[in-house]
1. Here is a list of conditions, (1) under 31 Å from the mean Cα position of the chain (by Cα); (2) of a type in the set (D, E, K, R); (3) more than 16 Å from DNA strand C (Cβ to nearest atom), and B:LYS36 meets all of them except one; can you say which number that is?
2. Cβ-Cβ under 9 Å, sequence separation 6+ or interchain: first residue in the stretch A:278-304 and free of Cβ contacts under 8 Å to residues at least 24 places away in the same chain, partner part of a loop (DSSP other than H, G, I, E, B). Which pairs?
3. Considering only residues that are crowded, with 18+ Cβ neighbours inside 10 Å and over 29 Å from A:LEU132 (Cβ atoms), look in the stretch B:15-28 and name the one that is nearest to the other protein chains (Cβ to nearest Cβ).
4. Just wondering, is there one or more residues in the stretch A:36-47 that are more than 7 Å from DNA strand D (Cβ to nearest atom), open to solvent by less than 60 Å² (accessible area, probe 1.4 Å) and of a type in the set (Gly, Ala, Ser)?
5. Need the failing condition index for A:LEU180 against (1) away from chain B (no Cβ under 13 Å); (2) without any contact (Cβ under 8 Å) to a residue 24 or more places away in the chain, just the number.
6. Scan (1) within 16 Å of DNA strand C (Cβ to nearest atom); (2) of a type in the set (D, E, K, R); (3) in contact with a helix residue (DSSP H, G or I) (Cβ under 6 Å, 6 or more places away or on another chain) for the single condition A:ARG56 breaks and write down its number.
Number of protein chains: 2
Amino acid sequence: MTSTIKDVAAHAGFSIATVSRAINAPHTVNPVTLAKVREAIDALKFRPSPLGRQLRGERTRLIGVVLPTLANPVFAECLQGIDELASAQGFRLMLMTTQYDAQRERHAIETLRAQRVEGLILTVADADTHPLLDELDADGPLYVLMHNDTKRRPSVSVDNHRAAFDGVRMLIAHGHRRILMLAGTLAASDRARQRHAGYAQAMQQAGLTPAPALEVDFNAEALAPSVLAHLSTGPARPTALFCSNDLLAMVVMRGLREARLRVPQDMSILGFDGLAMGELLAPPLASIGTPNGEIGRAAWQRLMARIGGDYAGASLGLALPHTLREGGTIAAIAGASLSEASGQRCMPDPTRA
Amino acid sequence: MTSTIKDVAAHAGFSIATVSRAINAPHTVNPVTLAKVREAIDALKFRPSPLGRQLRGERTRLIGVVLPTLANPVFAECLQGIDELASAQGFRLMLMTTQYDAQRERHAIETLRAQRVEGLILTVADADTHPLLDELDADGPLYVLMHNDTKRRPSVSVDNHRAAFDGVRMLIAHGHRRILMLAGTLAASDRARQRHAGYAQAMQQAGLTPAPALEVDFNAEALAPSVLAHLSTGPARPTALFCSNDLLAMVVMRGLREARLRVPQDMSILGFDGLAMGELLAPPLASIGTPNGEIGRAAWQRLMARIGGDYAGASLGLALPHTLREGGTIAAIAGASLSEASGQRCMPDPTRA
DNA sequence: CTGAAAGCGCTAACAT
DNA sequence: ATGTTAGCGCTTTCAG
């Protein structure tokens, strides 16, 4: 395995150029020669080193992937989707995670760039205001964003605004009037912003008053007293919570249980992400679903399109359809008209596609 | 960014060798020169290409990671642990997944090897009988296994036999006598075998008869009729199920619910993995926990030790301590003595450490 | 159809 | 302290 093209050439009795051709353009070499070279390759268990090729300035067949974390299955699923296509097409993946940290984002991109990746698939905290992406636009490599919901850059996501809007409308159709949105500490991300905007629009459209998102500490064992106060006190307490992601929704559900609030009788819960695991909860978690594997695969295809020179079709944001999973965590409030709830079937906004 | 060491040299008015030294051994160059070179580096936004270094035969600073899948949080967590240390130490990770497929395992290892990774961290289906690992032992690169529980090779895991033994003993201490083990379709893995052996030993030691593991289709929506028949019929039906992993346990819980069997009143459930998510279920899933992040980090450290030439300490299997999470999915059977349950505190077998 | 040689970006002797 | 040069493994003109 430490054998090089030189060894093969010597073993076969030809020049390294012929060996190279035998590998990369078999039809240009004499069949007899070809056979001998192949024999030598087998005998020496030779595998051409990508390093040589890469250095030679050709394609490195390397794609960088930058994700916030793998602790959230959303990203693990995306990566799974990417990996599927990548390995089928003979590309290698170089992975870096950022923990939502801007400095680590910068470092990851620089490292990958230095490694001469041919393309980059990434999820950043906030795509619109990201100077690094401007740099990438300026002098490569080509990239595609995942889950960053922006019109200004090549990306694959769902329409977060619309998705949240649909979800909250569904809560309203179930008779809820006091609906609060809960967000993780990462309220600064572009998707969190857009989900809140969707929430606000749905509320206003129904003549209700949206509230700012309430920040919840993700890693805490129980819900903070200040948060609980918002949820359980008085006649004005919310009857439904829209959580900006499923992991958060699960933590909140546990917190509520510990606070002796029943889901969904005392509080309805709507998550965002559609994690498969949510369905296994009791009651099964209602959630707005994103097709993560599909997002990963679509991001890959767009990246390949861009690398192939197809800038026109692949330069803008692509919104994949979201789904609405109506689990057991949503109760209807007495007297509500449910007629409004049906008929809204989760289409992406066509102006974004 | 497409600038090379040559460009910098030209810009600064020195030779490429001086530039190289300025980067790799700053103290050996004249401070004034150094300043000029650095200025040029900044001006051109030059970052040395790892490719050149790698080809030069130095360290590639590349580590390959081979995992069955990222859909199971167990592996995502391991990867997270690895990534933590890797990025802190300036290594890059190349990731490949195998979907438990032997051919893909082979392909992944060959690809990574061709890329000249300095080391490999992997989880394979069955470590003991794996010819590829013998090849790796023979001519590198160095590797460490994760979650493969074998004495014969460098690995980091828990003591699966002992862990299953502890867990099943706990079930027995709760008064259960008819305990069945359920396994995913991957019953062929080394860990599944050892978990079953642990189950069998605990049963026998209590004078009970172990049964072969019952295979369950992971991806099915509901439990197969044939499986349900095993679980729900007659007076000899099991009162407790030991599931070979948490994902399986969750699927089984849903299946039981649909079959109108209550957990834990009608059936107790014990999982394996200790996924954080299991605690959010209702009732919270009892499970044997593996410290996945820690396993990833330990694997990294062993690999680094081996690369550093420390073969003695890092060449054998390391078993990290498992934990026993007693969730709400386990009910006591009337008349059981619980005295036996306490006192067993999840230590790894000292002969393995 | 095959070989010789240049060069990708870099490091490390070896010279100066 | 700095420059010159060879060479890592490979692909690709350019000659034969």
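The values are calculated or read from the model by the stated rules, or taken from the named source; none is laboratory data. All of these numbers come straight from a predicted model, not from anything done at the bench. Cβ placement follows ideal geometry from the backbone for every residue including glycine, while neighbour counts extend to all protein chains displayed. Areas reflect the complete protein model, heavy atoms only, side chains present, ligands, DNA and RNA absent. Shrake-Rupley method; radii C 1.70, N 1.55, O 1.52, S 1.80 Å.
1. (1)
2. Close Cβ pairs satisfying both conditions: A:LEU280/B:LEU281.
3. B:ARG21
4. Scanning the stretch A:36-47 turns up at least one residue that is more than 7 Å from DNA strand D (Cβ to nearest atom), open to solvent by less than 60 Å² (accessible area, probe 1.4 Å) and of a type in the set (Gly, Ala, Ser).
5. Here A:LEU180 clears every test but (2).
6. All conditions are met except number (3).
One line per residue, one yes/no per condition, for (1) at the interface with chain B (Cβ under 9 Å from one of its Cβ atoms); (2) open to solvent by less than 10 Å² (accessible area, probe 1.4 Å):
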| residue | (1), (2) |
| --- | --- |
| A:ARG92 | yes, no |
| A:GLN103 | no, no |
| A:ARG106 | no, no |
| A:ILE109 | no, yes |
| A:GLU118 | no, no |
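Yes or no, residue by residue, for (1) touching a strand residue (DSSP E or B) at 6+ places or on another chain (Cβ under 8 Å); (2) at pLDDT 90 or above:
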residue	(1), (2)
B:ALA86	yes, yes
B:MET94	yes, yes
B:GLN99	no, yes
B:LEU112	yes, yes
B:LEU120	yes, yes
B:ASP128	no, no
B:LEU133	yes, yes
